[in-house]
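Undergrad: The following block contains the structure, expressed as structure tokens.
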Amino acid sequence: MDFATLEPGHQLFSQRITIASDSVVAYLAAVDDRSGPYAQEGIVPPMVVAALGMSQAMKAIELPAGAVHTGQELRFQAAVDVGAGVDYSAMVVQNSVRRGTRFMALEITADVGETRALTGRVSLAIPEGIEGEE
């Protein structure tokens with residue numbers, strides 16, 4: 001992928017993902033969370049919602065080796081029920097080069113119906129001259 005062509009406002013992807021209970025179980029096991037409220041209430045842990053969106057964004061831009069995820073800001077706005085269809089999208093909001101490094105920022109959103117569940121911003125640093133796979 002030619003990162004120079006990704007101007008602010010460029011939509012990277014838009015996709016619906018149904019968050020199944022096995023994703024929640026796997027996440028809770030990975031972080032050793034045995035507290036129970038998520039399973040009892042049938043609610044997806046907020047970081048599962050965020051991780052699925054960020055994963056799809058990284059696939060969409062074909063992030064190359066040598067790139068660094070420099071930060072993220074996440075705002076969780078509503079709970080997501082297990083089994084819900086979540087409409088994800090990601091858009092480029094910043095793309096500039098300084099001193100041989102490309103700095104990109106992506107905005108990721110997750111909606112359930114008309115309700116915004118997540119708004120996030122992911123920051124990346126990519127050494128210039130390294131492009132994703134064509």
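The values are calculated or read from the model by the stated rules, or taken from the named source; none is laboratory data. The model shown is predicted, which means the values in this text are computed figures rather than measured ones. Using ideal geometry, Cβ is built from the backbone for each residue, glycine included, and neighbour counts are taken over all protein chains shown.
Results for (1) within 21 Å of residue 129 (Cβ to Cβ); (2) more than 17 Å from the chain's Cα centre (by Cα); (3) not β-branched (Val, Ile, Thr), shown as yes or no for each residue.
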residue	(1), (2), (3)
7	yes, yes, yes
30	no, yes, yes
43	no, yes, no
57	no, no, yes
85	no, no, yes
100	yes, yes, yes
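Undergrad: Give the residue, chosen from 96, 21, that is surrounded by 12 or more Cβ atoms within 10 Å (Cβ to Cβ), over 18 Å from the mean Cα position of the chain (by Cα) and not aromatic (Phe, Trp, Tyr). I'd like the intermediate steps shown before the answer.
TA: Details: 96 fails: surrounded by 12 or more Cβ atoms within 10 Å (Cβ to Cβ).
Within the list 96, 21, the selection yields 21.
Undergrad: Right, another one. Looking at residue 80 and the list (1) surrounded by fewer than 19 Cβ atoms within 10 Å (Cβ to Cβ); (2) at pLDDT 95 or above; (3) more than 25 Å from residue 125 (Cα to Cα), which single condition is not satisfied?
TA: The number of the failed condition is (1).
Undergrad: If you don't mind, another one. Right, residue 16: of a type in the set (D, E, K, R), loosely packed, with under 14 Cβ neighbours inside 10 Å and over 29 Å from residue 125 (Cα atoms) or not?
TA: no
Rundown of residues vs (1) in a strand (DSSP E or B); (2) closer than 18 Å to residue 18 by Cα; (3) touching a residue at least 40 places away in the same chain (Cβ under 8 Å), yes/no style:
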{"position": "54", "(1), (2), (3)": "no, yes, yes"}
{"position": "71", "(1), (2), (3)": "yes, no, yes"}
{"position": "83", "(1), (2), (3)": "no, yes, yes"}
{"position": "87", "(1), (2), (3)": "yes, yes, yes"}
{"position": "103", "(1), (2), (3)": "yes, no, no"}
